[in-house]
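In what follows, a single structure is set out as structure tokens and then discussed.
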Amino acid sequence: MSFFRAPIWNKTPMKVVSLFWVWMYVTMKYLQFGYDPDRNVDLVSRTSTLRSITGEEGQRQFKGKNFDYVTPGGTFSYCADNSLVEASGMLCVDCDHLDDDSPQMKRRITPKEMKRLLLADPYWGERTLMMFTSPRGHGLKWLVEIDLTKCDYGTWFNAVRNYLLATYGFGEKQIDSTVANQSHACFISYDPEAYLRADQYEFFV
């Protein structure tokens, strides 16, 4: 996938990275192996600062200005669907407002519980590549493998989203419908308990 430096309006990628590289960044485990200038050593404090901000608009602005992001759908020469270089065969679903108890959200669950739920799913559990808590702390970034020879990215997204709504009873806003594009930006936030499927581990970054 492609890696982009903050802010969000920067649409030119810095480099191509692996899923393992992203997992090392999210968990900050790379610090055990020495400093890497391409990764933000302040990710822990920035994630904490974001979650301390009251009001969604203030959080949105801070996140957009301060968090690096990746495009799980593939590598891009520019962050736009028409600038796709190579598809990854991976889909990113944003599960949001998971612990919101307002009626329209329908189901209340913590991001940690959501990880367990998805890993136990009879179909998508084994196809789950990575999961980590979203920047604001109320959701989950869920990355799964898909077969693009069967149908296109958008069709896969709608199928997976509808599956979550129908199978687990989430509200419409809890499974974000606005991120169906393949060049969707996935913000990188700190989660020391992020999940990575065993076959995605690498010996070197």
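Can you tell me which residues in the range 193-205 are crowded, with 20+ Cβ neighbours inside 10 Å and assigned to a loop (DSSP other than H, G, I, E, B)?
194 - this is the single residue of the range 193-205 that is crowded, with 20+ Cβ neighbours inside 10 Å and assigned to a loop (DSSP other than H, G, I, E, B).
Name the residues in the range 168-192 that are touching a residue at least 40 places away in the same chain (Cβ under 8 Å), β-branched (Val, Ile, Thr) and either closer than 20 Å to residue 84 by Cβ or open to solvent by 10 Å² or more (accessible area, probe 1.4 Å) (or both), would you?
If the condition is that a residue be touching a residue at least 40 places away in the same chain (Cβ under 8 Å), β-branched (Val, Ile, Thr) and either closer than 20 Å to residue 84 by Cβ or open to solvent by 10 Å² or more (accessible area, probe 1.4 Å) (or both), then 179 is the only one that fits.
Could you grab me the full set of residues in the range 1-37 that are farther than 21 Å from residue 199 by Cβ, of a type outside the set (Gly, Ala, Ser) and in contact with an Asp or Glu (Cβ under 8 Å, 6 or more places away or on another chain)?
Scanning the range 1-37 gives 3, 4, 5, 14, 15.
Sort out which residues of the range 138-163 are open to solvent by less than 20 Å² (accessible area, probe 1.4 Å) and either closer than 22 Å to residue 47 by Cα or modelled with pLDDT under 95 (or both), and write them in order of number.
139, 140, 141, 142, 143
Being part of a strand (DSSP E or B), buried (at least 16 other Cβ atoms within 10 Å of the Cβ) and in contact with a Lys or Arg (Cβ under 7 Å, 6 or more places away or on another chain): is that true of residue 129 here?
Working: part of a strand (DSSP E or B): yes; buried (at least 16 other Cβ atoms within 10 Å of the Cβ): yes; in contact with a Lys or Arg (Cβ under 7 Å, 6 or more places away or on another chain): yes.
The answer is yes for residue 129.
Exactly one condition in (1) touching a helix residue (DSSP H, G or I) at 6+ places or on another chain (Cβ under 8 Å); (2) at pLDDT 95 or above; (3) not in a helix (DSSP H, G or I) is false for residue 11; which is it?
Only one criterion is unmet by residue 11, namely (1).
Of all residues in the range 135-181, how many are within 22 Å of residue 195 (Cβ to Cβ) and among the β-branched types (Val, Ile, Thr)?
Residues flagged as within 22 Å of residue 195 (Cβ to Cβ) and among the β-branched types (Val, Ile, Thr) within the range 135-181 amount to 6.
The values are calculated or read from the model by the stated rules, or taken from the named source; none is laboratory data. Every value quoted in this text rests on a predicted model; they were computed, and no experiment measured them. As a convention, Cβ positions derive from the backbone with ideal geometry for all residues, glycine included, and neighbour counts pool all protein chains shown. When the accessible area is computed, the model is the full protein with side chains, heavy atoms only, and any ligands, DNA or RNA have been set aside. Shrake-Rupley method; radii C 1.70, N 1.55, O 1.52, S 1.80 Å.
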